[in-house]
Amino acid sequence: MDAKTIKLKIKRQDKPESKPYWQEFEVPYKPLSNVIACLMEIQRTPLTADGKQINPVTWDANCLEEVCGSCTMLINGKVRQSCTALVDQIKQPIVLEPMSKFPVVRDLQVDRSRIFKDLKKAKAWIPIDGTHDIGEGPVMSDSLRAKRYVLSECMTCGCCLEACPQYTKDNGFMGAAIFSQVRLFNLHPTGEMTQEERLETIMGKGGIADCGNAQACVESCPKNIPLTESIADMGRQTSWQLLKNLLLK
Amino acid sequence: MAKRKKRIIVIGGGLAGLSAAMKICEMGSEVILIAYQSLKRSHSVCAQGGINAAMDTKDEGDSPEKHFFDTIRGGDFLAEQPLVRDMCHQAPAIIHLLDRMGVAFNRTGEGHLAFRRFGGTLYSRTAFAGATTGQQLVYSLDEQVRRYEHDGLVQKLEWHEYLGAVLDGNGVCRGAIIHDLRTNEIFTLAGDAVILATGGPSQVYSRSTASTVNTGAAATMAYLQGAKYANGEFIQIHPTAIPGQDKLRLMSESARGEGGRIWVPKKAGDTREPLKIPENERYYFLEEKYPLYGNLVPRDVASREIYEIVYNQKLGVEGQPMVYLDLTHKTKEYLEDRLGGIIDIYKKFTGDDPREVPMKIFPAVHYSMGGLWTDYESTAEGLIDHQSPRNQMTSIQGLYAAGEADCQYHGANRLGANSLLSCIYTGLMMAPGVLNYASNISKSVEDVPSSTFDEARNYWTERFDKIKKMDGNENPYKLHQELGDTLMENVLIVRDNKTLEKTVYAIQEIEARFKNVKCVDTNDWANPAASFINQLYCMIHLSKIITKGALMRDEFRGAHYKPDYDLNQPSDFDPYEYIDYLEKKNYGEIAEDAFPPGHLDYMRRYEENNTHWLKNSIATLEDNQPDITYEDVNTSLLTPRPRKYD
Ligand code: SF4
Ligand code: SF4
Ligand code: FES
């Protein structure tokens, strides 16, 4: 009798500019395996299902517990983290592809630096006076804290951007993750003081006006971040800002 | 000509690296930040439970001095006292700073910071942001560093790997050799100082709570270049982790801090559903043996007790190496708010909901108390001189270490929620000293001949060319697994010399087989194999340090447990008797009946043992092997005494 195996079909690409191709794999079944455990198995025995020696598949991962955001890919067509994709819970052959909205680096690795650049544009930080000891932070209700906490769990994984019909490889749309971060910082008593700077960024090109409200983003977020709520809130805040700009100019 | 800005190379984008980068920028110097992946993905995000600072917001009588005492005692007196004391006194200011930076710390009804209890202390001194505190702290520091990047002071090189220090003819560190993980190019960076904030080495073990990048390679490379590596044998085994194939995911100590109880069925092999087992047929072994600290005994104690229950008393759940960690007596709302993040992790990886059924957990490799030896300087009053260029400097001049990569803050066992603190503390604390070093060095980096950099680059280019040509029959990833299994089996919670001796040979065999490795990837772009093989080489050296250190240390201290050298503390012993004993010694002979039977003997053994072993073990490279010597620990502030938690 054949020992139990796990079947995978993986889209591969050697370089950013080279052509993608598909390979199939079969690795021994082990209880509690996730997709990453399968990829590690391919590293240890780099053979395709028909026994061809190949370069091991490459992928990104670090924490292996869905908190770093690194290991995002398309699994059976759905964007998600590969570390929490348990083999027992998904259909085989497991089809793995890199995310489609970001340039492929190699195999399942993509370059998501655009998200980090957008975070910089959006000034997604609290502008503190300095690191010296000037005492306590602002008093804040625990309910406000709770509201912010949910938003601050965003691990820049890119699922919401991959799922968004408005976000394409070459437009400048910032996407739900960024809008939600602007909300996070505007909610902080200190962050609020500079909220206009952040609002101006998402009122410009690629900003919130381009969001078609398709709500695909919120369904794909592994951290259950209320992205549509954030988008609606940012819509309100930017409208106000627009009005203010008109009246004050 | 305008004076150029100092330029510091920071390796690692976790809490220590980000803190150092932020502070250095604030002081007006430039930082080049090297990270193995994108920032925000570092291992610090895995820390769950919280960060310690004694603010005594509940009027329990806590103070930084008590935090200091708990930390030193928790570490079995092997931590460097003046530094730990400074850290504990800085802790409240660090929390305030983080709070001002926008960390979503849980709050009280009045809107102030909330604190919870953690292991090894009787006080509520752990500030927390849900159960993802590490992630939250990394993000807020990352945001501040992004702000400096926006202002042009930080240059980030993500997807770059540190390979080694560029040393000049006098052995002074003048920069770093960097490997671009995408183009696979190797180049050098010149800098006024280099900081290794490269984290811990838990990947040396096959299954741990570590992230995949935690190979300890950068710190090991410093050792291979001549730096001292201290206390490598002190590896923390976290008592509660979730069993898994690729990784043992951490179940935070906060689960116990929030009331989680550890138990096993009293009857071995009991097959009933856990919740069908009545209270009186459950063995809450930590609560019974340690009435004072209960489930919140320090980690080394808890791990040993779980090991004892499973392997010696054979009481593991379903006969497996597992015990229950039970939260089902808490309300769902409470758990969601306080522990949501970790409950989700458990559910995602096991399919079971900890709100409905007790979790099954077992100890796992978690943290290295040891690391690169680092220096510091005290003032005449015994305080830390925060301007001193010696703070956090390794034994290689100009090369610094911080965070889990250093060695001075946790002694023989780290207390929960002290790691986030030590990472941020070291990063912030070292900055003025590093810049003083950079300003006062007699020969500037511009005056170092370019040949020094060329030679370093050539050496590493050749080395990687050779690795890429390796064409034996050993798969490097498999060999890594074997190395990890070897350490897992033999250098874990309970240690004995025969097994350790065998392990030394087993590692030698793996080292011999390493020569026969095959570079399994031939791509000339974004090829991770060569880099991994180099890391494996480092991990082999590191495992030698850990194993030899463990073999030579013939005692039981903190996480290093050798039953053959257990001093067998009498069960009715009170640690204050020891203080009394030291006092009495000043007045001549002590009468044999001055203490309860057996106690005097025990105290003499304890004292005698400390004269040999209350020392840092220092590994240096000699003929390809770790040579281990011992250096004194500063115990000037708190008298070492036996630990006891019941
Ligand atoms: S609502 Fe739709 S268009 Fe807007 S960000 Fe979400 S997925 Fe994209
Ligand atoms: S909002 Fe959610 S899906 Fe989008 S990047 Fe953040 S964590 Fe990922
Ligand atoms: S590896 Fe970190 S989220 Fe999957």
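The values are calculated or read from the model by the stated rules, or taken from the named source; none is laboratory data. The model shown is predicted, which means the values in this text are computed figures rather than measured ones. So basically every Cβ, Gly included, is an ideal-geometry build from the backbone, and we count neighbours across all protein chains shown. Just so you know, the surface numbers come from the protein's heavy atoms only, side chains and all, with ligands and any DNA or RNA stripped out. Shrake-Rupley method; radii C 1.70, N 1.55, O 1.52, S 1.80 Å.
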Exercise. Looking at (1) buried (at least 22 other Cβ atoms within 10 Å of the Cβ); (2) of a type in the set (Lys, Arg); (3) in contact with a Leu (Cβ under 9 Å, 6 or more places away or on another chain), which is the one condition that is false for residue A:123?
Worked result: (3)
Exercise. Which of the residues belonging to region A:134-176 are within 16 Å of ligand 3 (Cβ to nearest atom), open to solvent by less than 10 Å² (accessible area, probe 1.4 Å) and in a helix (DSSP H, G or I)?
Worked result: A:159, A:161
Seminar exercise, completed: Across region A:27-40, the tally of residues that are open to solvent by 30 Å² or more (accessible area, probe 1.4 Å) and facing another protein chain (nearest Cβ under 10 Å) stands at 4
For this session: Give just the number: which of (1) open to solvent by 10 Å² or more (accessible area, probe 1.4 Å); (2) closer than 18 Å to residue B:42 by Cα does residue B:183 not satisfy?
Result: (2)
Problem set entry | residue B:32 closer than 28 Å to residue B:617 by Cα, more than 14 Å from chain A (Cβ to nearest Cβ) and β-branched (Val, Ile, Thr) | no
Exercise. Does any residue of region B:105-117 turn out to be open to solvent by less than 10 Å² (accessible area, probe 1.4 Å) and of a type in the set (Val, Ile, Thr)?
Worked result: no
Seminar exercise, completed: Filtering region B:305-345 down to residues that are in contact with a strand residue (DSSP E or B) (Cβ under 9 Å, 6 or more places away or on another chain), farther than 21 Å from residue B:253 by Cβ and surrounded by fewer than 16 Cβ atoms within 10 Å (Cβ to Cβ) yields B:311, B:313, B:318, B:320
Exercise. What number goes with the only condition from (1) facing another protein chain (nearest Cβ under 7 Å); (2) open to solvent by less than 40 Å² (accessible area, probe 1.4 Å) that residue A:15 does not pass?
Worked result: (2)
Seminar exercise, completed: Restricting region B:109-120 to residues that are more than 19 Å from the chain's Cα centre (by Cα) and outside any strand (DSSP E or B), the one nearest to residue B:643 (Cα to Cα) turns out to be B:114
For this session: Please specify each residue of region A:91-109 satisfying the condition of being more than 16 Å from ligand 1 (Cβ to nearest atom), in contact (Cβ under 8 Å) with a residue 40 or more places away in the chain and not polar (S, T, N, Q).
Result: A:93, A:94, A:95, A:96, A:97, A:98, A:103, A:104, A:105, A:106, A:107, A:108
Exercise. For region A:113-126, how many residues are within 7 Å of chain B (Cβ to nearest Cβ) and assigned to a loop (DSSP other than H, G, I, E, B)?
Worked result: 3
For this session: Taking residue A:181 as the residue in question, decide whether it is outside any loop (DSSP other than H, G, I, E, B), polar (S, T, N, Q), more than 8 Å from chain B (Cβ to nearest Cβ) and within 16 Å of ligand 2 (Cβ to nearest atom).
Result: yes
Exercise. Can residue A:224 be described as within 21 Å of the chain's Cα centre (by Cα), surrounded by fewer than 15 Cβ atoms within 10 Å (Cβ to Cβ) and within 16 Å of ligand 3 (Cβ to nearest atom)?
Worked result: yes
Exercise. Out of (1) on the phi < 0 side of the Ramachandran plot; (2) at pLDDT 95 or above; (3) within 14 Å of another protein chain (Cβ to nearest Cβ); (4) in contact with a Gly (Cβ under 9 Å, 6 or more places away or on another chain), the odd one out for residue B:132 is which?
Worked result: (2)
Exercise. Which ones in region B:514-537 are in a helix (DSSP H, G or I) and either more than 11 Å from residue B:480 (Cα to Cα) or among the hydroxyl-bearing types (Ser, Thr, Tyr) (or both)?
Worked result: B:529, B:530, B:531, B:534, B:537
Problem set entry | Residue list for region A:48-77, filter: touching a helix residue (DSSP H, G or I) at 6+ places or on another chain (Cβ under 8 Å) and over 16 Å from residue A:107 (Cα atoms) | A:62, A:63, A:64, A:65, A:66, A:67, A:68
